[in-house]
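Just below is one structure, and these are the notes that go with it.
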Amino acid sequence: MNSYRVAFIPGDGVGPEVSHEAQLTLEACANEFLFDVSCDTFGWNCDYYLAHGRMMPENALDVLKPYDAVFLGSMGNPTKVPDHISLGPLLSIRQGFCQYVNLRPIRMLEGVTSPLSTATPKNVDFVVVRENTEGEYCRLGGMFCPEAPNGFATQMAVFSRKGCERVMRFAFELARKRKAEGHMGKVTSCTKSNALNYSMVFWDKIFSEVAAQYPDIDHDYLLVDALSMFMVSKPERFDVIVASNLFGDIITDLGSVLQGGMGFAAGANLNPEKDYPSMFEPIHGSALDIAGKNIVNPIASLESIRMMLEHFSEVHAAKALLAAEQKVLSKGMVRTRDMGGTNSTQEMGAAVRAELTA
Ligand code: IPM
Ligand code: MG
(Lines give C-alpha, C1' and ligand atoms only; values in the text may rest on other atoms or scores of the structure.)
(Ligands and ions follow the chains in the order given, each with its own letter.)
Protein backbone atom coordinates (compact mmCIF):
# COMPACT_ATOMS: atom_id res chain seq x y z
CA MET A 1 0.00 0.00 0.00
CA ASN A 2 1.37 3.43 -0.90
CA SER A 3 1.96 5.59 2.10
CA TYR A 4 2.44 9.36 2.40
CA ARG A 5 3.47 11.71 5.16
CA VAL A 6 1.84 15.11 4.97
CA ALA A 7 2.70 18.15 7.10
CA PHE A 8 -0.17 20.55 7.73
CA ILE A 9 0.59 24.17 8.55
CA PRO A 10 -2.85 25.69 9.21
CA GLY A 11 -1.40 29.18 9.77
CA ASP A 12 -3.53 32.28 10.38
CA GLY A 13 -7.04 33.55 9.79
CA VAL A 14 -9.24 31.06 7.97
CA GLY A 15 -6.21 28.76 7.54
CA PRO A 16 -7.13 26.39 10.41
CA GLU A 17 -10.73 25.99 9.20
CA VAL A 18 -9.76 25.09 5.64
CA SER A 19 -6.83 23.00 6.77
CA HIS A 20 -9.17 20.87 8.88
CA GLU A 21 -11.44 20.20 5.89
CA ALA A 22 -8.41 19.50 3.71
CA GLN A 23 -7.07 16.90 6.13
CA LEU A 24 -10.45 15.16 6.56
CA THR A 25 -10.81 15.00 2.78
CA LEU A 26 -7.31 13.63 2.25
CA GLU A 27 -8.03 10.97 4.87
CA ALA A 28 -11.37 10.14 3.22
CA CYS A 29 -9.56 9.69 -0.12
CA ALA A 30 -7.01 7.42 1.56
CA ASN A 31 -9.78 5.21 2.99
CA GLU A 32 -11.64 5.05 -0.25
CA PHE A 33 -8.67 4.50 -2.54
CA LEU A 34 -6.59 2.31 -0.25
CA PHE A 35 -3.49 4.29 0.41
CA ASP A 36 -2.06 5.38 3.69
CA VAL A 37 -1.57 8.94 4.95
CA SER A 38 -0.11 10.13 8.19
CA CYS A 39 -0.62 13.78 8.96
CA ASP A 40 1.21 16.02 11.42
CA THR A 41 0.24 19.59 12.26
CA PHE A 42 2.65 22.46 12.87
CA GLY A 43 1.39 25.57 14.65
CA TRP A 44 3.61 28.07 12.87
CA ASN A 45 1.81 31.38 12.45
CA CYS A 46 1.68 34.97 13.71
CA ASP A 47 0.92 33.84 17.29
CA TYR A 48 4.00 31.65 17.14
CA TYR A 49 5.89 34.76 16.06
CA LEU A 50 4.62 36.76 19.04
CA ALA A 51 5.74 33.97 21.38
CA HIS A 52 9.08 33.08 19.74
CA GLY A 53 10.13 36.10 17.69
CA ARG A 54 10.03 34.12 14.46
CA MET A 55 7.31 32.65 12.25
CA MET A 56 8.72 29.15 12.37
CA PRO A 57 11.66 27.45 14.07
CA GLU A 58 15.11 27.91 12.66
CA ASN A 59 15.26 24.27 11.55
CA ALA A 60 11.75 24.30 10.02
CA LEU A 61 12.94 23.20 6.60
CA ASP A 62 14.82 20.26 8.14
CA VAL A 63 11.66 19.34 10.02
CA LEU A 64 9.56 19.44 6.85
CA LYS A 65 12.10 17.77 4.55
CA PRO A 66 11.13 14.12 5.30
CA TYR A 67 7.47 14.74 4.41
CA ASP A 68 6.04 13.88 1.03
CA ALA A 69 4.01 17.08 0.92
CA VAL A 70 3.08 20.16 2.89
CA PHE A 71 -0.39 21.68 3.09
CA LEU A 72 -0.38 25.37 3.98
CA GLY A 73 -3.63 27.03 5.07
CA SER A 74 -2.55 30.65 4.97
CA MET A 75 -0.07 32.97 6.64
CA GLY A 76 -0.53 36.55 7.73
CA ASN A 77 -2.23 38.80 10.24
CA PRO A 78 -1.01 42.37 9.85
CA THR A 79 -2.59 43.42 13.17
CA LYS A 80 -0.01 41.16 14.86
CA VAL A 81 2.95 40.97 12.46
CA PRO A 82 3.77 43.05 9.37
CA ASP A 83 3.04 41.12 6.17
CA HIS A 84 6.56 41.29 4.79
CA ILE A 85 7.69 39.38 7.90
CA SER A 86 4.82 36.90 8.22
CA LEU A 87 5.13 35.93 4.57
CA GLY A 88 8.84 35.15 4.87
CA PRO A 89 8.29 31.43 5.60
CA LEU A 90 6.12 30.96 2.54
CA LEU A 91 8.86 32.34 0.31
CA SER A 92 11.56 30.47 2.27
CA ILE A 93 9.78 27.15 1.78
CA ARG A 94 9.22 27.81 -1.91
CA GLN A 95 12.84 28.79 -2.44
CA GLY A 96 14.46 26.39 0.06
CA PHE A 97 12.62 23.38 -1.33
CA CYS A 98 13.25 24.47 -4.91
CA GLN A 99 9.52 24.54 -5.63
CA TYR A 100 10.15 26.35 -8.86
CA VAL A 101 6.72 25.76 -10.35
CA ASN A 102 3.64 27.38 -8.90
CA LEU A 103 0.85 25.63 -10.71
CA ARG A 104 -2.50 27.39 -10.66
CA PRO A 105 -5.38 25.88 -12.60
CA ILE A 106 -7.96 28.43 -13.70
CA ARG A 107 -10.98 26.26 -14.27
CA MET A 108 -14.59 27.13 -13.71
CA LEU A 109 -16.48 24.20 -12.24
CA GLU A 110 -20.08 23.46 -13.27
CA GLY A 111 -22.55 25.14 -10.95
CA VAL A 112 -20.27 28.07 -10.13
CA THR A 113 -20.91 31.61 -11.34
CA SER A 114 -18.57 34.53 -11.90
CA PRO A 115 -19.29 38.26 -11.98
CA LEU A 116 -17.70 38.16 -15.46
CA SER A 117 -20.23 37.28 -18.16
CA THR A 118 -17.50 35.86 -20.41
CA ALA A 119 -16.73 33.17 -17.83
CA THR A 120 -18.43 29.83 -18.36
CA PRO A 121 -17.28 26.31 -17.48
CA LYS A 122 -16.81 25.72 -21.20
CA ASN A 123 -14.41 28.57 -21.87
CA VAL A 124 -12.52 28.93 -18.60
CA ASP A 125 -10.12 26.01 -18.46
CA PHE A 126 -6.47 26.90 -18.51
CA VAL A 127 -3.44 26.66 -16.26
CA VAL A 128 -0.96 29.27 -15.13
CA VAL A 129 2.58 28.04 -14.58
CA ARG A 130 4.15 30.69 -12.38
CA GLU A 131 7.89 30.81 -11.78
CA ASN A 132 8.18 30.48 -8.03
CA THR A 133 11.73 30.88 -6.79
CA GLU A 134 13.32 33.89 -8.43
CA GLY A 135 12.22 36.78 -10.64
CA GLU A 136 10.84 39.81 -8.88
CA TYR A 137 10.42 37.94 -5.55
CA CYS A 138 14.08 37.02 -5.05
CA ARG A 139 14.22 39.39 -2.08
CA LEU A 140 17.45 41.07 -3.11
CA GLY A 141 17.84 44.79 -2.82
CA GLY A 142 18.23 47.33 -0.10
CA MET A 143 17.27 50.64 1.42
CA PHE A 144 19.45 53.71 1.70
CA CYS A 145 18.54 56.08 4.55
CA PRO A 146 14.81 55.33 4.36
CA GLU A 147 13.90 58.23 6.67
CA ALA A 148 15.99 60.83 4.85
CA PRO A 149 14.73 63.11 2.06
CA ASN A 150 17.29 61.53 -0.25
CA GLY A 151 16.43 57.99 0.89
CA PHE A 152 15.70 55.31 -1.66
CA ALA A 153 15.07 51.62 -2.07
CA THR A 154 16.09 49.14 -4.72
CA GLN A 155 14.46 45.81 -5.47
CA MET A 156 16.18 43.44 -7.81
CA ALA A 157 14.64 40.88 -10.11
CA VAL A 158 16.71 37.83 -10.98
CA PHE A 159 16.13 35.84 -14.16
CA SER A 160 18.59 33.00 -14.57
CA ARG A 161 18.82 30.85 -17.67
CA LYS A 162 18.35 27.75 -15.53
CA GLY A 163 15.36 29.25 -13.72
CA CYS A 164 13.61 30.33 -16.91
CA GLU A 165 14.35 27.17 -18.86
CA ARG A 166 13.08 24.74 -16.26
CA VAL A 167 9.77 26.49 -15.66
CA MET A 168 9.19 26.99 -19.38
CA ARG A 169 9.96 23.35 -20.10
CA PHE A 170 7.48 22.37 -17.42
CA ALA A 171 4.86 24.52 -19.16
CA PHE A 172 5.49 22.87 -22.54
CA GLU A 173 5.43 19.37 -21.04
CA LEU A 174 2.15 20.23 -19.36
CA ALA A 175 0.70 21.54 -22.63
CA ARG A 176 1.72 18.26 -24.25
CA LYS A 177 -0.06 16.28 -21.55
CA ARG A 178 -3.13 18.48 -21.87
CA LYS A 179 -3.10 18.18 -25.66
CA ALA A 180 -3.30 14.41 -25.28
CA GLU A 181 -6.43 15.01 -23.18
CA GLY A 182 -8.07 17.14 -25.86
CA HIS A 183 -6.87 20.64 -25.00
CA MET A 184 -5.35 23.08 -27.50
CA GLY A 185 -1.69 22.33 -26.86
CA LYS A 186 -0.49 25.91 -26.60
CA VAL A 187 1.80 27.85 -24.28
CA THR A 188 1.42 31.61 -23.96
CA SER A 189 4.33 33.52 -22.50
CA CYS A 190 3.36 36.39 -20.23
CA THR A 191 5.95 39.06 -20.85
CA LYS A 192 6.62 42.80 -20.66
CA SER A 193 9.71 43.07 -22.79
CA ASN A 194 8.65 46.39 -24.25
CA ALA A 195 9.37 48.07 -20.92
CA LEU A 196 11.57 45.63 -19.00
CA ASN A 197 14.39 45.79 -21.50
CA TYR A 198 16.78 43.33 -19.85
CA SER A 199 14.90 40.83 -17.73
CA MET A 200 11.94 40.27 -20.02
CA VAL A 201 13.96 40.44 -23.23
CA PHE A 202 16.05 37.63 -21.74
CA TRP A 203 12.84 35.80 -20.73
CA ASP A 204 11.55 36.08 -24.33
CA LYS A 205 14.82 34.79 -25.73
CA ILE A 206 14.76 31.70 -23.52
CA PHE A 207 11.08 31.16 -24.31
CA SER A 208 11.82 31.07 -28.06
CA GLU A 209 14.64 28.62 -27.48
CA VAL A 210 12.50 26.29 -25.38
CA ALA A 211 9.50 26.60 -27.74
CA ALA A 212 11.72 25.46 -30.62
CA GLN A 213 12.20 22.16 -28.78
CA TYR A 214 8.44 21.54 -28.80
CA PRO A 215 7.35 21.80 -32.44
CA ASP A 216 4.12 19.91 -31.67
CA ILE A 217 3.00 22.63 -29.25
CA ASP A 218 1.81 26.08 -30.35
CA HIS A 219 3.18 29.10 -28.61
CA ASP A 220 2.61 32.82 -28.50
CA TYR A 221 3.50 35.87 -26.44
CA LEU A 222 1.37 38.49 -24.80
CA LEU A 223 2.40 41.53 -22.82
CA VAL A 224 1.06 41.16 -19.29
CA ASP A 225 -1.31 44.13 -19.61
CA ALA A 226 -2.88 42.82 -22.82
CA LEU A 227 -2.90 39.31 -21.43
CA SER A 228 -4.93 40.54 -18.44
CA MET A 229 -7.46 42.07 -20.80
CA PHE A 230 -7.76 38.86 -22.85
CA MET A 231 -8.16 36.76 -19.72
CA VAL A 232 -11.39 38.63 -19.14
CA SER A 233 -12.58 39.17 -22.72
CA LYS A 234 -11.44 35.91 -24.33
CA PRO A 235 -10.56 33.33 -21.68
CA GLU A 236 -10.98 30.52 -24.20
CA ARG A 237 -7.82 31.61 -26.05
CA PHE A 238 -5.63 30.25 -23.23
CA ASP A 239 -4.37 26.75 -22.54
CA VAL A 240 -1.11 27.06 -20.57
CA ILE A 241 0.35 30.43 -19.56
CA VAL A 242 3.92 30.67 -18.31
CA ALA A 243 4.65 33.75 -16.22
CA SER A 244 7.30 35.21 -13.96
CA ASN A 245 6.77 35.27 -10.20
CA LEU A 246 5.19 38.74 -9.96
CA PHE A 247 3.11 38.56 -13.12
CA GLY A 248 1.96 35.04 -12.24
CA ASP A 249 0.94 36.24 -8.79
CA ILE A 250 -1.16 39.07 -10.20
CA ILE A 251 -2.84 37.27 -13.10
CA THR A 252 -3.86 34.32 -10.93
CA ASP A 253 -5.86 36.57 -8.61
CA LEU A 254 -7.59 37.87 -11.74
CA GLY A 255 -7.98 34.25 -12.81
CA SER A 256 -9.71 33.43 -9.55
CA VAL A 257 -12.52 35.80 -10.51
CA LEU A 258 -12.95 33.88 -13.77
CA GLN A 259 -13.25 30.73 -11.66
CA GLY A 260 -15.95 32.22 -9.48
CA GLY A 261 -13.81 33.80 -6.79
CA MET A 262 -11.00 33.11 -4.37
CA GLY A 263 -13.04 30.33 -2.81
CA PHE A 264 -12.16 28.13 -5.77
CA ALA A 265 -8.53 29.00 -6.51
CA ALA A 266 -5.86 26.49 -5.56
CA GLY A 267 -2.12 26.39 -6.02
CA ALA A 268 0.61 23.80 -6.00
CA ASN A 269 4.20 24.78 -5.30
CA LEU A 270 6.02 21.97 -7.03
CA ASN A 271 9.49 20.58 -6.93
CA PRO A 272 8.87 18.42 -9.99
CA GLU A 273 11.97 16.28 -9.37
CA LYS A 274 10.62 15.33 -5.91
CA ASP A 275 13.98 16.02 -4.29
CA TYR A 276 12.03 18.05 -1.74
CA PRO A 277 8.42 18.07 -0.57
CA SER A 278 6.01 20.11 -2.65
CA MET A 279 3.54 22.46 -0.98
CA PHE A 280 -0.17 22.83 -1.66
CA GLU A 281 -2.29 25.81 -0.65
CA PRO A 282 -5.47 27.68 -1.36
CA ILE A 283 -4.50 31.08 -2.71
CA HIS A 284 -7.12 33.09 -0.82
CA GLY A 285 -4.88 34.07 2.07
CA SER A 286 -5.96 34.46 5.68
CA ALA A 287 -9.26 36.38 5.03
CA LEU A 288 -9.25 37.76 8.58
CA ASP A 289 -12.68 39.38 8.20
CA ILE A 290 -14.36 35.98 8.01
CA ALA A 291 -11.93 33.96 10.14
CA GLY A 292 -13.35 31.69 12.82
CA LYS A 293 -16.92 31.99 11.52
CA ASN A 294 -17.02 28.65 9.74
CA ILE A 295 -18.14 30.34 6.52
CA VAL A 296 -15.05 30.23 4.30
CA ASN A 297 -15.45 28.14 1.16
CA PRO A 298 -13.21 25.07 1.53
CA ILE A 299 -13.27 24.13 -2.17
CA ALA A 300 -9.97 25.92 -2.87
CA SER A 301 -8.35 23.76 -0.19
CA LEU A 302 -9.96 20.57 -1.46
CA GLU A 303 -8.67 21.47 -4.90
CA SER A 304 -5.20 21.84 -3.36
CA ILE A 305 -5.58 18.34 -1.93
CA ARG A 306 -6.62 17.13 -5.38
CA MET A 307 -3.39 18.59 -6.79
CA MET A 308 -1.47 16.86 -4.00
CA LEU A 309 -3.08 13.56 -5.03
CA GLU A 310 -2.04 14.18 -8.64
CA HIS A 311 1.49 14.88 -7.46
CA PHE A 312 1.43 11.53 -5.60
CA SER A 313 0.15 9.90 -8.84
CA GLU A 314 -3.01 8.84 -7.00
CA VAL A 315 -4.90 9.56 -10.21
CA HIS A 316 -8.08 7.70 -9.36
CA ALA A 317 -8.45 9.50 -6.06
CA ALA A 318 -7.73 12.86 -7.73
CA LYS A 319 -10.36 12.25 -10.42
CA ALA A 320 -12.92 11.08 -7.89
CA LEU A 321 -12.37 14.13 -5.72
CA LEU A 322 -12.90 16.44 -8.68
CA ALA A 323 -16.03 14.53 -9.66
CA ALA A 324 -17.35 14.81 -6.09
CA GLU A 325 -16.74 18.57 -6.04
CA GLN A 326 -18.41 18.90 -9.44
CA LYS A 327 -21.45 16.98 -8.27
CA VAL A 328 -21.94 19.02 -5.12
CA LEU A 329 -21.48 22.33 -6.93
CA SER A 330 -23.60 21.52 -9.95
CA LYS A 331 -26.49 20.33 -7.77
CA GLY A 332 -26.34 23.72 -6.08
CA MET A 333 -27.80 22.25 -2.88
CA VAL A 334 -24.79 23.20 -0.80
CA ARG A 335 -23.50 26.74 -1.23
CA THR A 336 -21.23 28.77 1.01
CA ARG A 337 -21.69 32.54 1.53
CA ASP A 338 -19.41 33.52 -1.34
CA MET A 339 -21.75 31.51 -3.61
CA GLY A 340 -24.82 33.27 -2.26
CA GLY A 341 -25.75 30.41 0.06
CA THR A 342 -25.82 29.88 3.80
CA ASN A 343 -23.91 26.63 4.21
CA SER A 344 -20.89 26.40 6.47
CA THR A 345 -17.33 25.44 5.69
CA GLN A 346 -17.92 22.09 7.37
CA GLU A 347 -21.14 21.41 5.48
CA MET A 348 -19.44 22.00 2.14
CA GLY A 349 -16.51 19.75 3.08
CA ALA A 350 -18.82 17.03 4.38
CA ALA A 351 -21.00 17.17 1.24
CA VAL A 352 -17.98 16.59 -1.00
CA ARG A 353 -16.79 13.71 1.19
CA ALA A 354 -20.27 12.19 1.09
CA GLU A 355 -20.20 12.20 -2.73
CA LEU A 356 -16.70 10.79 -2.68
CA THR A 357 -17.79 7.76 -0.71
CA ALA A 358 -21.27 7.45 -2.27
C1 IPM B 1 0.35 34.07 -3.42
C2 IPM B 1 0.48 35.15 -2.42
C3 IPM B 1 1.93 35.26 -2.02
C4 IPM B 1 2.74 35.50 -3.23
C5 IPM B 1 2.22 36.36 -1.00
C6 IPM B 1 1.40 36.17 0.22
C7 IPM B 1 3.68 36.49 -0.69
O8 IPM B 1 -0.03 36.33 -2.90
O9 IPM B 1 0.71 32.92 -3.12
O10 IPM B 1 -0.10 34.36 -4.52
O11 IPM B 1 2.69 36.57 -3.80
O12 IPM B 1 3.44 34.61 -3.66
MG1 MG C 1 -1.00 36.11 -4.75
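The values are calculated or read from the model by the stated rules, or taken from the named source; none is laboratory data. What you are looking at is a predicted structure, and each value in this text was computed from that prediction instead of being measured. Using ideal geometry, Cβ is built from the backbone for each residue, glycine included, and neighbour counts are taken over all protein chains shown. What goes into the accessible areas is simple: the full protein's heavy atoms, side chains included, and nothing from ligands, DNA or RNA. Shrake-Rupley method; radii C 1.70, N 1.55, O 1.52, S 1.80 Å.
Could you list all residues from the stretch 90-104 that are away from ligand 2 (no atom under 14 Å from the Cβ) and open to solvent by 10 Å² or more (accessible area, probe 1.4 Å)? Spell out how you get there, then give the answer.
Narrowing the stretch 90-104 to residues away from ligand 2 (no atom under 14 Å from the Cβ): 92-93, 95-101.
If the condition is that a residue be away from ligand 2 (no atom under 14 Å from the Cβ) and open to solvent by 10 Å² or more (accessible area, probe 1.4 Å), then Ser92, Gln95, Gly96, Cys98, Tyr100 are the ones that fit.
Between a residue in the stretch 225-252 that is touching a residue at least 60 places away in the same chain (Cβ under 8 Å) and not assigned by TED's automatic domain parsing to the domain that holds Arg166 and any residue that is acidic (Asp, Glu) and in a helix (DSSP H, G or I), which pairs come within a Cβ distance under 9 Å, given they are 6 or more apart or on different chains?
none
Which condition number in (1) out of contact with any helix residue (DSSP H, G or I) (no Cβ under 6 Å at 6 or more places or on another chain); (2) away from ligand 1 (no atom under 16 Å from the Cβ); (3) not in a helix (DSSP H, G or I) is the one that Glu236 fails?
Failing condition for Glu236: (3).
Could you check Glu134 against (1) in contact with a Gly (Cβ under 9 Å, 6 or more places away or on another chain); (2) farther than 16 Å from Leu246 by Cβ and say which number it fails?
Only one criterion is unmet by Glu134, namely (2).
Tell me the residue from Val81, Val112, Val70 that is β-branched (Val, Ile, Thr), touching a residue at least 60 places away in the same chain (Cβ under 8 Å) and within 16 Å of ligand 1 (Cβ to nearest atom), please.
Numbers: Val81 fails: touching a residue at least 60 places away in the same chain (Cβ under 8 Å); Val112 fails: within 16 Å of ligand 1 (Cβ to nearest atom).
Only one candidate passes the filter, namely Val70.
Looking at Asn269, is it touching a Cys at 6+ places or on another chain (Cβ under 9 Å) and within 16 Å of ligand 2 (Cβ to nearest atom)? Break it down into steps so the answer makes sense when it comes.
On the way: touching a Cys at 6+ places or on another chain (Cβ under 9 Å): no; within 16 Å of ligand 2 (Cβ to nearest atom): yes.
It is false that Asn269 is touching a Cys at 6+ places or on another chain (Cβ under 9 Å) and within 16 Å of ligand 2 (Cβ to nearest atom).
Take the conditions touching a residue at least 24 places away in the same chain (Cβ under 8 Å), part of a strand (DSSP E or B), away from ligand 1 (no atom under 15 Å from the Cβ) and not aliphatic (A, V, I, L, M) and apply them to Asp216. Does it pass? Please lay out each step first, then the result.
On the way: touching a residue at least 24 places away in the same chain (Cβ under 8 Å): yes; part of a strand (DSSP E or B): no; away from ligand 1 (no atom under 15 Å from the Cβ): yes; not aliphatic (A, V, I, L, M): yes.
It is false that Asp216 is touching a residue at least 24 places away in the same chain (Cβ under 8 Å), part of a strand (DSSP E or B), away from ligand 1 (no atom under 15 Å from the Cβ) and not aliphatic (A, V, I, L, M).
Just to be sure, is Ala268 buried (at least 23 other Cβ atoms within 10 Å of the Cβ), touching a helix residue (DSSP H, G or I) at 6+ places or on another chain (Cβ under 7 Å) and not in a helix (DSSP H, G or I)? Before the answer, list the steps.
On the way: buried (at least 23 other Cβ atoms within 10 Å of the Cβ): yes; touching a helix residue (DSSP H, G or I) at 6+ places or on another chain (Cβ under 7 Å): yes; not in a helix (DSSP H, G or I): yes.
Yes; evaluated as a whole, the condition is true for this residue.
For the stretch 241-262, check the following and say yes or no: at least one residue is open to solvent by 50 Å² or more (accessible area, probe 1.4 Å) and more than 16 Å from ligand 1 (Cβ to nearest atom).
No; the residues of the stretch 241-262 include none that is open to solvent by 50 Å² or more (accessible area, probe 1.4 Å) and more than 16 Å from ligand 1 (Cβ to nearest atom).
Report, by residue number, each residue of the stretch 113-143 that is of a type in the set (Phe, Trp, Tyr) and open to solvent by 20 Å² or more (accessible area, probe 1.4 Å). It would help to see each step written out before you state the result.
Taking the stretch 113-143 as the starting set, the residues that turn out to be of a type in the set (Phe, Trp, Tyr) are 126, 137.
Answer for the stretch 113-143, where residues must be of a type in the set (Phe, Trp, Tyr) and open to solvent by 20 Å² or more (accessible area, probe 1.4 Å): just Tyr137.
Take the conditions away from ligand 2 (no atom under 13 Å from the Cβ), open to solvent by 50 Å² or more (accessible area, probe 1.4 Å) and under 23 Å from Arg169 (Cβ atoms) and apply them to Leu223. Does it pass?
On the way: away from ligand 2 (no atom under 13 Å from the Cβ): yes; open to solvent by 50 Å² or more (accessible area, probe 1.4 Å): yes; under 23 Å from Arg169 (Cβ atoms): yes.
Judged against the criteria, Leu223 is a match.
Could you please find all residues in the stretch 47-76 being out of contact with any Pro (no Cβ under 6 Å at 6 or more places or on another chain), open to solvent by less than 10 Å² (accessible area, probe 1.4 Å) and within 22 Å of Ala291 (Cα to Cα)?
Selection gives Phe71, Leu72, Ser74, Gly76.
Does Val334 satisfy being free of Cβ contacts under 8 Å to residues at least 60 places away in the same chain and not in a strand (DSSP E or B)?
On the way: free of Cβ contacts under 8 Å to residues at least 60 places away in the same chain: yes; not in a strand (DSSP E or B): yes.
Judged against the criteria, Val334 is a match.
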